Amino acid sequence: PNRRWTQTPPRTVPAARRRQSARDYVQGLGFKVCLDGVTATTLPFMDRERLGADFLKLVYSPQLIERLQNDAAFKACFDAVGQNRLIVCRVDDEEAVRVLKEAGATLFQGRYIQKLLNAPRPRPNILR
């Protein structure tokens, strides 16, 4: 049978109030709140400060680099997040880190970063 599926419209105002209440509660406990999963497409629509988040996590992609280099309005949105409030995730190579640092990013996550953190480090000889 061909049944039509319907959904009631979301009740956005009460949902937003619940999110704000939850955010305030966890921040009151000393936790930080991060807007996760933001992309180059959605970044212009996010206002970290207005939403009350401590951090914003931006997903790395070639489109992100292209927009940072060629779109002044997008670069302004990128800068507005705050240098120590923006985490760029899925950073998988040195070139991405270099370009993102030139753009002003300072916090990174990804395979390349994990590889650097897991690399053997020279250990000081404390017996000499």
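The values are calculated or read from the model by the stated rules, or taken from the named source; none is laboratory data. Quantities reported herein were computed from a predicted structural model and do not represent experimental measurements. Neighbour counts are summed over all protein chains in view; Cβ atoms, including those assigned to glycine, are modelled from backbone coordinates with ideal geometry. The accessibility values were calculated without ligands, DNA or RNA, using every heavy atom of the protein model including side chains. Shrake-Rupley method; radii C 1.70, N 1.55, O 1.52, S 1.80 Å.
Inside region 42-96, residues that are over 16 Å from Gln109 (Cβ atoms) and of a type in the set (D, E, K, R) make up a count of 10.
The set of residues from region 108-121 being within 15 Å of the chain's Cα centre (by Cα) and open to solvent by 60 Å² or more (accessible area, probe 1.4 Å) comprises just one member, Gln109.
Taking the criterion of being of a type in the set (Val, Ile, Thr), under 21 Å from Thr106 (Cβ atoms) and not in a loop (DSSP other than H, G, I, E, B), the only residue of region 24-41 that qualifies is Val38. Here Ala105 does not qualify as open to solvent by 60 Å² or more (accessible area, probe 1.4 Å) and not aromatic (Phe, Trp, Tyr). Before we move on, is Pro14 more than 23 Å from Ala103 (Cβ to Cβ) and either buried (at least 16 other Cβ atoms within 10 Å of the Cβ) or not basic (Lys, Arg) (or both)? Against the criterion (more than 23 Å from Ala103 (Cβ to Cβ) and either buried (at least 16 other Cβ atoms within 10 Å of the Cβ) or not basic (Lys, Arg) (or both)), Pro14 qualifies.
Table: residues versus (1) out of contact with any Leu (no Cβ under 6 Å at 6 or more places or on another chain); (2) at pLDDT below 95; (3) within 30 Å of Leu116 (Cα to Cα).
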site	(1), (2), (3)
Pro1	yes, yes, no
Ala22	yes, yes, no
Val38	no, no, yes
Leu51	yes, yes, no
Gln69	yes, yes, yes
Gly82	yes, yes, yes
Ala96	yes, yes, yes
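Of all the criteria given as (1) open to solvent by 50 Å² or more (accessible area, probe 1.4 Å); (2) of a type outside the set (Phe, Trp, Tyr); (3) in contact (Cβ under 8 Å) with a residue 24 or more places away in the chain, the one not satisfied by Lys32 is (3). A Cβ distance below 8 Å, combined with a sequence gap of six or more or placement on separate chains, defines the contacts here; from region 71-91, residues that are over 17 Å from Cys34 (Cα atoms) and aromatic (Phe, Trp, Tyr) reach residues that are open to solvent by less than 40 Å² (accessible area, probe 1.4 Å) and not in a strand (DSSP E or B) in the pairs Phe74/Ala40; Phe74/Leu43; Phe74/Leu68.
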